[in-house]
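Asks: Here it is: the structure, laid out below.
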Amino acid sequence: MEFQSIAADVKLGENVKIHKFVNLYGCEVGDNTKIGVFVEIQKNARVGKNCKISSHTFICEGVTIEDNVFIGHSVVFINDMYPRATNGNGGLQTEKDWKVERILVKKGASIGSNCTILSNVVIGENAIIGAGSVVTKDVPPNVIVAGNPARFFRTIDFLSQPDVNEQYVLYEFLKERIKV
Ligand SMILES: CC(C)(COP(=O)(O)OP(=O)(O)OC[C@H]1O[C@@H](n2cnc3c(N)ncnc32)[C@H](O)[C@@H]1OP(=O)(O)O)[C@@H](O)C(=O)NCCC(=O)NCCS
């Protein structure tokens with residue numbers, strides 16, 4: 001379609017809706033997902049089914065987004081914590097000069113607008129990341145985090161989901177924050 005750049009190697013599911021000025025290459029997008037204007041999704045990134053990717057978001061190589069995930073506007077994912085323009089020989093870096101770092105956003109999570117997600121983190125199922133947050137560490141399932149750096153804010157209907165494993169994850173998360 002006009003004003004879209006979708007490379008031949010992109011794997012699109014059924015009924016994916018792609019707005020204008022979108023740049024996709026080497027990536028995978030699942031059924032029914034919507035992609036807003038000025039979104040770029042790089043090679044080896046994966047977006048699941050029924051996701052909403054809002055305008056101006058950048059999804060880089062190394063990012064995996066599971067099903068039913070909401071990504072707000074202008075969200076940036078990071079895949080290189082110590083970036084350099086040039087290599088040891090003074091030439092521009094190529095893919096051989098650095099290693100892609102990964103991010104996993106689990107099913108049903110939501111990332112507010114204008115967030116930055118640093119590499120090597122996992123955002124748990126159904127977690128919500130407040131607008132403008134910088135996520136530096138793993139986020140447990142079913143919690144809200146916000147701020148820079150993103151800190152625990154509150155749980156989401158936690159008591160209605162009495163999963164022992166999730167309680168343990170939350171306990172570990174809180175323990176680290178309040179240093180008990
Ligand atoms: C994080 C969030 C879910 C919290 O919602 P909430 O629980 O209703 O929070 P409240 O509005 O009651 O605010 C509670 C406190 O947190 C602060 N706060 C709210 N959101 C914040 C954020 N994103 N970052 C930092 N602080 C935040 C408020 O200023 C308030 O502080 P105070 O108690 O000192 O006055 C929500 O504010 C948010 O950021 N949602 C994401 C929205 C978004 O980006 N949508 C994208 C598509 S439009």
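Asks: Among residues belonging to the range 56-108 that are among the β-branched types (Val, Ile, Thr) and without any contact (Cβ under 8 Å) to a residue 12 or more places away in the chain, point out the one that is nearest to Ile18 (Cα to Cα).
Replies: Checking each candidate, the answer is Thr94.
Asks: Follow-up question, since we're still on this one. Identify, please: which residue in the range 34-59 is under 20 Å from Thr136 (Cβ atoms) and buried (at least 21 other Cβ atoms within 10 Å of the Cβ) and is, among those, nearest to the ligand (Cβ to nearest atom)?
Replies: The selected residue is Thr57.
Asks: While we're on this one: Given the structure, is Ser119 within 15 Å of the ligand (Cβ to nearest atom) and closer than 29 Å to Asn142 by Cβ?
Replies: no
Asks: Report whether or not Ser110 is over 19 Å from Pro140 (Cα atoms) and within 16 Å of the ligand (Cβ to nearest atom).
Replies: So Ser110 fails the test.
Asks: Can you name the residue in the range 122-132 that is farther than 14 Å from Thr57 by Cβ and in contact with a Gly (Cβ under 6 Å, 6 or more places away or on another chain) and, of all such residues, is farthest from the ligand (Cβ to nearest atom)?
Replies: Once the filter is applied, the top-ranked residue is Glu125.
Asks: Right, here's the next one. Kindly indicate which of Asp80, Asp97 is within 22 Å of Thr136 (Cα to Cα) and acidic (Asp, Glu).
Replies: Asp80
Asks: Right, something else. Give the residues of the range 22-33 that are part of a strand (DSSP E or B), surrounded by fewer than 21 Cβ atoms within 10 Å (Cβ to Cβ) and β-branched (Val, Ile, Thr), sorted by residue number.
Replies: Listed by number, the list is empty, since nothing qualifies.
Asks: Could I ask something else about it? Taking the stated definitions as given, is Val145 at pLDDT 95 or above, within 16 Å of the ligand (Cβ to nearest atom) and buried (at least 16 other Cβ atoms within 10 Å of the Cβ)?
Replies: Numbers: at pLDDT 95 or above: yes; within 16 Å of the ligand (Cβ to nearest atom): yes; buried (at least 16 other Cβ atoms within 10 Å of the Cβ): yes.
In short, yes.
The values are calculated or read from the model by the stated rules, or taken from the named source; none is laboratory data. As the structure is a computational prediction, the values presented were derived from the model and not from experiment. A quick note on method: Cβ atoms are made from the backbone with ideal geometry, for glycine too, and the neighbour counts reach across all protein chains shown.
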